[in-house]
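For reference, the structure discussed in these notes is given below.
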Amino acid sequence: MSEEKTDPILTEQEEAPVLAEEPAIGEAALPVEGEQAVLSAEGEAALPAEENGENNQKPVLSPQEKKIIWKDRFNRYKAWLYLLPALIILAVFTVWPIINTVRMSFLKDYDALKAIGGASFTVGFDNFVNVAHYRRFLTCLTNTMLLTVITVPVSTMLALLIAVALNSIKFIRRTMQTIFFLPYVTNAIAIGMVFMAMFSVIGGNPSQPLSIGIINTIIEAFGGKAVNWVNAGSSKVANMAVLIIYIVWNALPFKILVLLGGLQGVNKQYYEAAKVDGASRFRIFWRITVPMLSPMIAYVVITGFIGGFKEYSSIVGIFGESMGPVGADGRMNTMVGFIYDAIESGNQGRASAAALILFVIIFAVTMINMYVSKKRVHY
Amino acid sequence: MTDFHENNENEMTAVQQETLQEEAVQAAPVRQESENKAELDSAENLMKEKDIKTVSRKQTAMKVLVQIGLYVFLGIMALIVLFPFYWMLISSVKTLDEYNAVVPTLWPQQFKWENYAAAFTGDLDLGTLLLNTILVGVVSTLLSLIITVLSAYAFARLEFRGKNALFAALLATMMIPGELFTITNYVTVAEFGWLSNWAGIFTTLVVPFLVSVFYIYLLRQNFMQIPNELYLAAKVDGTSDLKYLWRVMVPLAAPTLVSITILKMMGAWNSYIWPRLVAKGTIDLVTVGLRGAAFTDLATGLTDFPAQMAAVLLVTLPLLLVFLFFRKYIMRGVSRSGIKG
């Protein structure tokens, strides 16, 4: 009653069917509306039995309306249906490995086969301590570090120079671009074998070879001295040099592609302004090109470092699975190589510890890179 | 975006038609000017030349020198990049004696095509390797495409609780090096009993790498660019989601799907670590077989480099051909990923 007073218009409209209730019985006019009104009146009358009222409302729904409600319910979970295959595979082969790697790394010399047999393993940091004391591990770590620290700056600088040069020519530019991209679409191991062939001295006995090989021939043609690059008895420095040349050769295309893309996005007005001011080419390069490209440079450096720490197949390509020249197996091995050796020897605990160490190194280096580039990257 | 822009323009024309027309009249010559800028520049140069002839002559000389320098630099670098391919090509048709000659020849004196035949008949058995690789590549690419399309669609078009959090979590897994997964996955597939027979090993080669978060990300971005109006229109017409996805979204995102297909196939072609670990000796893929094959004669200690280079060339050539035909798609995918395969 009080409602009626507060908002007469609204209540009038709402109450309309209720008001029509009394005459509806008598006149039997507006049968549908009358029926609904009666039903609701009944529901109100039988207030304690609420289910009753609901039961009475259900038959009112048309099949179409039902369909909509079902569709709505289905729609709410449909997305998960679409994601199901991806999520199952990710759960088994991505999420579980993350958890399990951490678990295995804290179980001393964990071996899954023995674990199934019911063996138990000591819990603790033994794997990490053992790995760090392992001489082979230290070799792998220093190799990986050296390769990364040398190849990333060299390939970035070279790629930058090539990209700038490509950007300032017109004739045969597309052909050049294609040529510089070719190393990317190759198999790292297959072309590694070609590099091996080029640097190799030929003949069973390296001290008295049949031929000194094509690279040494070229070096001698320019007045240099032939070097035993990759064969038995070669020095580690020579091995390292070959690896660096190959990795840089392999890393160039991606960096050139990204940097050239960045260069084409630089506003030409900056260069025109610099020209008007009479700035030298060198100055334009350092004061305009490099700062404008700094986000792309940061990107290729970061991905370069990540890729460098995961270096493996280039070494397999050149030296084969022995990861070193004949007589010095494992000398050029890397972190990833160490992890695979541990998996193959059935020591998943050690492999996990090494993998976590690698992850922490990559993560830390990436963070440092990001921090530095945040300070250095312009705009 | 375009609709919004058009609306704006309509409103503007209604109000400011006259002023706009006036502006257009004034702007037309300016636009022409900017188009013919090069000509004008040269015209300006001509005028300047009259004033300061010597300086501009010096400048043009400098320009030519710099251009020559650029071409020399690029030429040398291109030679270095191309030389390994060249060496592979000519070595693959040399006889062993010619290859081992004291002074290496830069063009084969005698062509020995049998080197290629040897790759298929000898220890390497390239035919089987190719068949295995194509089988693994095709199956994993097809399944991967289906999963990627469905997931990308869910992330781009459907609403559900925790969508953004889930997507962020997926992206975060991209930071973790793959080696970390390999250790456990090796144990997992062994425990599933997949390593005991051919079908199981085939499954092992395909399944763990079906979901690539990066591809989902790439395709999601592409799907999100497709205007939502299309989806609503399709809904009004009573089209089901799956039909809409297949008939509208997939064709519109075809370039990205081609990129994904090519990169995935290249991945199968180049994969080495996992196939060697789980399938060596049963389902050898090209790279594993190539590196594992012995080309060295144990008696003399001489490596048959020509035969080896022929095999390497046969493995490399398909990749180069695919690249030359699908250059655009490969470069598009690569520049955004920084990953191989």
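The values are calculated or read from the model by the stated rules, or taken from the named source; none is laboratory data. These numbers were taken from a predicted model, which means no experiment stands behind them. Reconstructed Cβ throughout: ideal geometry from the backbone, glycine too, with neighbour counts over all protein chains shown.
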## Note on the structure
Taking segment B:139-157 and keeping only residues that are more than 9 Å from every other protein chain (Cβ to nearest Cβ) and free of Cβ contacts under 8 Å to residues at least 40 places away in the same chain, one is left with B:Leu142
## Note on the structure
Taking segment A:218-243 and the residues there that are surrounded by 17 or more Cβ atoms within 10 Å (Cβ to Cβ) and of a type outside the set (Gly, Ala, Ser), the one that is farthest from the other protein chains (Cβ to nearest Cβ) would be A:Asn239
## Note on the structure
From the option list B:Phe192, B:Phe160, B:Phe167, single residue qualifying as within 12 Å of another protein chain (Cβ to nearest Cβ) and either under 30 Å from A:Ile361 (Cβ atoms) or touching a residue at least 24 places away in the same chain (Cβ under 8 Å) (or both) is B:Phe167
### Query
Are any residues in segment B:171-186 facing chain A (nearest Cβ under 7 Å), part of a helix (DSSP H, G or I) and at pLDDT below 90, and if so, which ones?
B:Thr173, B:Glu179, B:Leu180
### Residues satisfying the stated conditions in segment A:311-345, i.e. facing another protein chain (nearest Cβ under 10 Å), touching a residue at least 24 places away in the same chain (Cβ under 8 Å) and either over 19 Å from B:Gly178 (Cβ atoms) or surrounded by fewer than 21 Cβ atoms within 10 Å (Cβ to Cβ) (or both)
A:Val326
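May I ask you to say which residue of A:Val301, A:Val326, A:Val316, A:Val336 is more than 30 Å from B:Ala293 (Cβ to Cβ) and out of contact with any Gly (no Cβ under 6 Å at 6 or more places or on another chain)?
A:Val301
Looking at A:Gly304, is it in the same structural domain as A:Val154 (by TED's automatic domain parsing), more than 18 Å from the chain's Cα centre (by Cα), closer than 22 Å to B:Val81 by Cβ and not in a loop (DSSP other than H, G, I, E, B)?
Numbers: in the same structural domain as A:Val154 (by TED's automatic domain parsing): yes; more than 18 Å from the chain's Cα centre (by Cα): no; closer than 22 Å to B:Val81 by Cβ: yes; not in a loop (DSSP other than H, G, I, E, B): yes.
It is false that A:Gly304 is in the same structural domain as A:Val154 (by TED's automatic domain parsing), more than 18 Å from the chain's Cα centre (by Cα), closer than 22 Å to B:Val81 by Cβ and not in a loop (DSSP other than H, G, I, E, B).
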### Task
Would you check which residues across segment A:286-309 are crowded, with 20+ Cβ neighbours inside 10 Å and closer than 28 Å to B:Ser56 by Cβ and list them?
A:Thr289
### Summary
Those residues of segment A:232-275 which are among the hydroxyl-bearing types (Ser, Thr, Tyr) and in contact (Cβ under 8 Å) with a residue 40 or more places away in the chain amount to A:Ser234, A:Tyr246
### Task
Starting from segment B:58-76, take each residue that is hydrophobic (A, V, I, L, M, F, W, C) and list its partners that are in a helix (DSSP H, G or I), counting only C-beta distances under 6 angstrom and pairs at least six apart or across chains.
B:Leu70/A:Ala165; B:Phe73/A:Ala165; B:Leu74/A:Ala165; B:Leu74/A:Met176
### Task
Return yes or no: is A:Phe180 at the interface with chain B (Cβ under 7 Å from one of its Cβ atoms), closer than 18 Å to B:Leu106 by Cβ and either within 26 Å of the chain's Cα centre (by Cα) or surrounded by 21 or more Cβ atoms within 10 Å (Cβ to Cβ) (or both)?
no
### Query
So how many residues does segment B:102-127 have that are within 10 Å of chain A (Cβ to nearest Cβ) and touching a Leu at 6+ places or on another chain (Cβ under 8 Å)?
1
### Message
Suppose we filter segment A:272-285 for residues that are more than 13 Å from chain B (Cβ to nearest Cβ) and surrounded by 12 or more Cβ atoms within 10 Å (Cβ to Cβ); how many remain?
### Response
4
## Note on the structure
Screening A:Ile150, A:Ile189 for residues that are closer than 21 Å to A:Ser314 by Cβ, more than 9 Å from chain B (Cβ to nearest Cβ) and assigned to a helix (DSSP H, G or I) leaves only A:Ile150
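Say we look at segment B:232-251 and pick out the residues that are over 30 Å from the mean Cα position of the chain (by Cα) and surrounded by 13 or more Cβ atoms within 10 Å (Cβ to Cβ); which of these is nearest to A:Lys78 (Cα to Cα)? I'd like the intermediate steps shown before the answer.
Taking segment B:232-251 as the starting set, the residues that turn out to be over 30 Å from the mean Cα position of the chain (by Cα) are B:232-241.
Adding the requirement that they be surrounded by 13 or more Cβ atoms within 10 Å (Cβ to Cβ) leaves B:233-234, B:239, B:241.
On the way: B:Ala233: 20, B:Ala234: 17, B:Thr239: 15, B:Asp241: 10 Å.
Of everything passing the filter in segment B:232-251, B:Asp241 is nearest to A:Lys78 (Cα to Cα).
Please note which helices (runs of 4 or more DSSP H) are completely contained in segment B:205-319 and include at least 1 residues that are hydroxyl-bearing (Ser, Thr, Tyr) and within 10 Å of chain A (Cβ to nearest Cβ).
Details: elements: B:213-225, B:228-236, B:241-244, B:254-270, B:273-279, B:286-292.
Filter on segment B:205-319 gives B:286-292.
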